[in-house]
Amino acid sequence: MTLRSQVKAIIFVMAGLSALHVQAQEVPQYTSVPKFYDFLPNVVSDWIPAVKNLDPRDHGRAYAEVLGLTAILIYYDQDIINASQSRARKLYLISPTDSGAESRVFFTTKIAGISADLRVPKGTNATMYYIGDGLTSLAILSGLTVAGNITDDKRMLNTASEFAESLVLTGSFILPSKYIAGRESPFRASEDGGVWRPAAGVKAYLSNVSKHDAFPSGHIATVMSGVTILAQNYPDQPWIQPVGYTAMGLLMWAMLNNGEHWAGDYPVGIAIGYNAARTVFERRRPANYNVDGQPTVRKKNYTIMPFANSDGVGLMFERRS
C-alpha cells in the first residue's frame, strides 16, 4: 500500500469512529422549563455517572477501537499531516502568508475592561476551522434559548440547557487530559509527531500552551458533544447528524491543514464529547421517556460516516431496513 493510500484509509477509518447508529426512538416530551443556571451545578453531579460510563468492563470493544485507532494514527501522524498540507497548498487553502487559521476583527468591544473583539475567519480553511470555535457553539446555544423563550418551547429550552451542560462537562474532561498528555501542536512541533511532555507542571503548561495541549482535540470534542445533544433531543429531524458530521469532517481536515491538531488527537476527543453528551441526556431526559418501550417516532436505522482526507471531505451512508 502506498503512503497516499495509507493516508486515505487511516483518516477515513478515523472519521468513521464518530458515526452513530441512529435507532428508532421517541421525541422527548419535556414538561418543565429549566432555570438559566441549572446546567452549572448539574455538571458537578454529572461527573460520577460520566466516569462510570467509562468503565472498560462495559465498553471493551469501544476502548479497543478508540485506543487502537489512536495508536495507528499517532504512528502515521507526521505523514498524514504532510500529505494533508501538501494538498491544501495545491488548493490554495494555505500558503506561506496564510496559515489557514487567519481571522479579522469584525466588531471591537470590551467587557469589564477586557477586550472581547468579535473576529470572523479569512479564507476557506479558516472558515472550516471556525466550525469548532466557541462562537459557533455560543450562536447555537443562544439561538435555542431565544427561540425557545419566544415560542415557549420546552424541548428547545431543555435542549439549550443540556447543550451548555454538555459543553462544560466536555471541557472538564478535555482540559486535564490535555495537561496529562502534554503533546505539542503540529505548528509548534520540535520533532516529527510532536514531543510529549506529560504533566509538565501548571506553570510550564500555562506559559506555553501550544507546546502541551494538542491531545486530545477539544475542538472535535465540542462539536461531537453539541451534535449528539441535538440529535438525541430531535430524533424527528434526520438532517442534524448528516450536517453535524459533515461539519466535523471539514473541521478535522482544516485543523490538519493549519497545523492545529494531529489526526491522532481526534478519536479520544470524539469519545469524550460523545460520553459527555450521552451522560447529560440520560440524566436530564423526561421521566416518562420511552416508558412503554414503544417509540413514538420511527425511522430506518442507518449509519452516517464522515471522512476527511487529502483529497477532500464527504459522507458515507449505510442503511438498514
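Every read-out reported here was derived from the displayed coordinates using simple, explicitly stated rules and does not represent laboratory data. Here the structure is a predicted model, which is why all the values come from computation and not from measurement. Backbone-built Cβ (ideal geometry, glycine too); neighbour counts: all protein chains shown.
Worth pointing out:
- Checking the Cα-Cα distances for Lys178/Lys203; Lys90/Lys211; Lys52/Lys178 against a 23 Å cut-off, the pairs over it are Lys90/Lys211.
- Residue-wise HN-Hα coupling along the range 158-173, computed from phi with Karplus coefficients 6.51, -1.76, 1.60 (Hz; x: Gly, Pro): 5, 5, 4, 5, 5, 4, 5, 4, 5, 5, 5, 5, 4, x, 5, 8
- For the range 214-235 and the range 152-204, distance of Cα centres in Å: 12
- Of all aspartates and glutamates in the structure, those lying under 18 Å Cα to Cα from Lys154, and not within fewer than 8 positions of it along the same chain, are Glu26, Asp38, Glu162, Glu165, Asp236, Glu282.
- Net charge of neighbours whose Cβ lies under 12 Å from the Cβ of Asn53, counting Lys and Arg as +1 and Asp and Glu as -1: 0
- By other beta-carbon atoms within 10 Å, ranking Glu184, Glu26, Glu162 with the fewest at the front produces Glu26, Glu184, Glu162.
- Rg/Rh (Cα only; Kirkwood hydrodynamic radius) as it applies to the range 48-159: 1.11
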